[in-house]
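The values are calculated or read from the model by the stated rules, or taken from the named source; none is laboratory data. As the structure is a prediction and not an experimental result, all values here were calculated from the model. Please note: Cβ atoms are built from the backbone with ideal geometry, for glycine as well, and neighbour counts cover all protein chains shown.
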Amino acid sequence: MEKNKLLEEFHSLVQVDDHDGHYAEDIKDGDYFGMPLKSIVEAEKRLRSSGHRGIAYFSMEYGLATSCYNKLSSQFPLNPVNKLPENAVFSNFRVADYFFALHQDNIIDLPIYSGGLGILAGDTVKTMADYKLPVAAIGILWSSGYFRQKFWFKYGQAPEKMRWDPYTYPGLVPLKNKIKISLKSEDVYLKLWKYYAYNHKHDYVVPLVLLDSNIERNSQPAKELTDQLYRSDNVFLKLLQRVVLGFGGVSALNELGYHIDTYHLNEGHAVFAFVAKARGLSSDEVDKLKNNFVYTCHTPVEAGHDKFSFDDLGKVLKKEDTEIIEKFGKEHSGLANLTLLSMNISSAINAVSHNHQKVMHIQFPQYKNRIQYITNGVHHCTWMSQKFQELFEKFPATFPDFKNNPMILSQAPELKNNPDFRAQLWEAHQSNKGDFCKFLEKWSLKKDLFTICWARRIAAYKRPSLILHDINRLVRIAEETGPLQIILAGKAHPNDNLGFTYINEVLDKVDKLNVDYEKLKIIVLENYDISLARMLTSSVDVWLNNPLPPFEASGTSGMKAILNAVLQMSTVDGWVAEATDRKMGAFFGYKNSEGSVGDEFDLHMDDDSEELYQALERMAGLYYKTNRKGKVDISSRWIDMMIECVCTAAQFNTYRMLDQYKHLVWKIA
Ligand SMILES: *Cc1c(COP(=O)(O)O)cnc(C)c1O
């Protein structure tokens, strides 16, 4: 009886389109795709009441990692188009690449992200749910996702269109609600979808409202606005994707009746939300509206700051809308600059690491006093492997309640002299590494060989090919210090022609490699995604991060690795600059001089690869002193460093991050 009441309440709050035809089996009896329906009802009710400060979080992308604790599942068999496809491998064991591919019998990630920014948004939203905050997240349902990466030897990467079916993706539902945004010469209609990010206890959610222009009544060009994330080959598409997020987001919040006080712009992509809210207000009212907007900037790289000409804006937006943009977002050159606009209309601005704050102070001196920093983090319940959760559970006196309080990981050094903990820590790591070797079984990876990984979005400043810069040197290290297993992965944006060249270079170097495979294995994985990231960050011995300082705003993959006691080899940039006093591995490389940003295309490859190789020799040397063909020296400094990684994870997580947002940005108790 009570369950029926709950379902009724749910239906009064959430108008699922064609519930009876499509979703009646998955939403019933207090259940929402296998998760508690009650949590949704509670969160939806709170968002509509006015007794609290509601937050709307706007982001172009979300990486939600459903395959983890957040497991929504359907009664129906998984639609094959929503299953992970087979991925190729490109290695210096070309015969294996030819005969075998990688299979994972799993659901695809909700394909609405491209990389780190989306993962950060997803981790933030999940932590908001852990904190039971009244938040609605706004995003876009990308009907063709980002893109699928195919390796194409001699040409690098061939971006393929991605196909998936939102109607059968577990946990995602279309709503009856439709909204409209008005442009200069046409109206664009948007369908709304909902997905729920559950917290790790499953007793609260953050609803994610997704906007979709792919509906019958729209013109063909309008239908394609929400087709593919970050289209940049056409300026109007690029502009209108941002307009859909900003205008559409505000209309969607009104349509759903959510009570919102704070609009959080995760990147300037979403700033048209302000334009929508400012429409028709007096100048005084517009000034007051700024108190409701806050802005997080995520990039020091020039291409990350969107600019449009007023000519182009005038062609698609109504006059009153361009006037607001002109008033708050016009830069010296005469262009509309979305970063400036975002800063001018927000009451709080933040960079995402201390280093990034310094860069922003140089780039935007007139805003110096207003730009704070809050270093990014990762959601520990998402990124800590099962084996490590089990390990920490075995030592409750040191790690009480770590699932609700990752800050407690700072007590890890208590166990530094506990041989039992040291042995179990090593074992947990070896067990993850064993699973990874099994995954790549046809490439005969060995779990007692030194393994290092570089995996992230491919962009010039991240220097994906640094470790391959001097192949002969690399071969010598493998022959003299001990065998090396090197894993590489990452996608380049389809219009980043420079990014493409790195994939070419890497594939070409791997193909030409003339070395005993037992000594040096280089394995390049296709289609880096969340499930690969989870596997890699928890199973290799060393996580390599070598961006050119100061262009990595924060970086987060190293934070995922330290949660799993994976050591770090890194240049000093982003979050790492705040952790260089931690003995977690090796820090190396070029440092930009204080007070200047430098040239993002002067990559310092020669000097920095030399420093990387020296660090690699030291790290591999220590590894083989610690692990001699499976005989492990539990007292080794290597294990001290693993413990230091865990301890450092107490700081670089989204719980610490959200505490700071509550205090410095949203100003809630
Ligand atoms: C964490 C993650 C990223 C971001 O990694 P960075 O180190 O911040 O560059 C990108 N893609 C995926 C799939 C990730 O999981």
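Some points to look at:
- With respect to the conditions (1) surrounded by fewer than 21 Cβ atoms within 10 Å (Cβ to Cβ); (2) in contact with a Pro (Cβ under 6 Å, 6 or more places away or on another chain), Val16 falls short on a single one, namely (2).
- Note on segment 559-572: residues that are more than 10 Å from the ligand (Cβ to nearest atom) and within 18 Å of the chain's Cα centre (by Cα) amount to 3.
- Filter pass, Tyr57 being in a strand (DSSP E or B) and either in contact with a strand residue (DSSP E or B) (Cβ under 8 Å, 6 or more places away or on another chain) or of a type in the set (A, V, I, L, M, F, W, C) (or both): yes
- Cross-chain or 6+ apart pairs with Cβ under 6 Å, segment 212-236 first and small (Gly, Ala, Ser), then surrounded by fewer than 19 Cβ atoms within 10 Å (Cβ to Cβ) and in a loop (DSSP other than H, G, I, E, B): Ser232/Asn495
- Restricting segment 527-542 to residues that are of a type in the set (D, E, K, R) and surrounded by 22 or more Cβ atoms within 10 Å (Cβ to Cβ), the residue that is farthest from Arg148 (Cα to Cα): Asp541
- All positions within segment 29-73 that are among the charged types (D, E, K, R) and on the phi > 0 side of the Ramachandran plot: Asp29
Residue-wise test of (1) among the β-branched types (Val, Ile, Thr); (2) touching a strand residue (DSSP E or B) at 6+ places or on another chain (Cβ under 9 Å); (3) surrounded by fewer than 24 Cβ atoms within 10 Å (Cβ to Cβ).
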| position | (1), (2), (3) |
| --- | --- |
| Ala270 | no, yes, no |
| Lys277 | no, yes, yes |
| Leu281 | no, no, yes |
| His298 | no, yes, yes |
| Glu302 | no, no, yes |
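- Test: Ser385 is out of contact with any His (no Cβ under 6 Å at 6 or more places or on another chain), within 16 Å of the ligand (Cβ to nearest atom) and within 24 Å of His264 (Cα to Cα): no
- Considering residues of segment 461-512 that are polar (S, T, N, Q) and under 25 Å from Tyr623 (Cβ atoms) only, the residue surrounded by the most Cβ atoms within 10 Å (Cβ to Cβ): Gln485
- In the set (1) buried (at least 21 other Cβ atoms within 10 Å of the Cβ); (2) more than 16 Å from the ligand (Cβ to nearest atom); (3) not charged (D, E, K, R), the condition left unmet by Pro111 is number (2).
- Pairs where the first residue, in segment 506-517, is closer than 17 Å to Phe153 by Cβ and the second is part of a helix (DSSP H, G or I) and among the aliphatic types (A, V, I, L, M), C-beta under 7 Å, 6+ apart: Val506/Leu468; Lys509/Leu468; Lys509/Ile471; Leu513/Ile471
- Restricting segment 47-72 to residues that are at pLDDT 95 or above and of a type in the set (Ser, Thr, Tyr) leaves a set whose member that is farthest from the ligand (Cβ to nearest atom) is Tyr57.
- Tabulated pairs, segment 81-105, first among the basic types (Lys, Arg), second in a loop (DSSP other than H, G, I, E, B), C-beta under 9 angstrom, 6+ apart or interchain: Lys83/Gln104; Lys83/Asp105; Lys83/Asn106; Lys83/Ile108
Residue-by-condition table, conditions (1) within 16 Å of the ligand (Cβ to nearest atom); (2) not in a helix (DSSP H, G or I):
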{"position": "Glu25", "(1), (2)": "no, yes"}
{"position": "Lys45", "(1), (2)": "no, no"}
{"position": "Asp97", "(1), (2)": "no, no"}
{"position": "Asp105", "(1), (2)": "no, yes"}
{"position": "Gly122", "(1), (2)": "yes, no"}
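- Only a single criterion out of (1) touching a helix residue (DSSP H, G or I) at 6+ places or on another chain (Cβ under 8 Å); (2) touching a residue at least 60 places away in the same chain (Cβ under 8 Å); (3) not polar (S, T, N, Q) is not satisfied by Met35, namely (1).
- Scan of segment 436-459 for residues that are at pLDDT below 95 and surrounded by 19 or more Cβ atoms within 10 Å (Cβ to Cβ), ordered by number: Ile458, Ala459
- Test: residue in segment 539-554 that is more than 29 Å from Arg476 (Cα to Cα) and hydroxyl-bearing (Ser, Thr, Tyr): yes
- Residues in segment 453-465 that are outside any helix (DSSP H, G or I), in contact with a Gly (Cβ under 9 Å, 6 or more places away or on another chain) and more than 8 Å from the ligand (Cβ to nearest atom): Trp454, Ile458, Ala459, Pro464.
- As for segment 595-618, it holds no residue that is at pLDDT 95 or above, within 16 Å of the ligand (Cβ to nearest atom) and of a type in the set (A, V, I, L, M, F, W, C).
- Against the test of being among the aromatic types (Phe, Trp, Tyr), within 21 Å of Asn653 (Cβ to Cβ) and over 26 Å from the mean Cα position of the chain (by Cα), the options Phe399, Phe392 yield a single qualifying residue, Phe399.
- Residue tally, condition touching a strand residue (DSSP E or B) at 6+ places or on another chain (Cβ under 6 Å) and within 16 Å of the ligand (Cβ to nearest atom), over segment 124-172: 7
- Qualifying residue in segment 331-339 (condition: under 20 Å from Thr375 (Cα atoms), buried (at least 22 other Cβ atoms within 10 Å of the Cβ) and under 26 Å from the mean Cα position of the chain (by Cα)): yes
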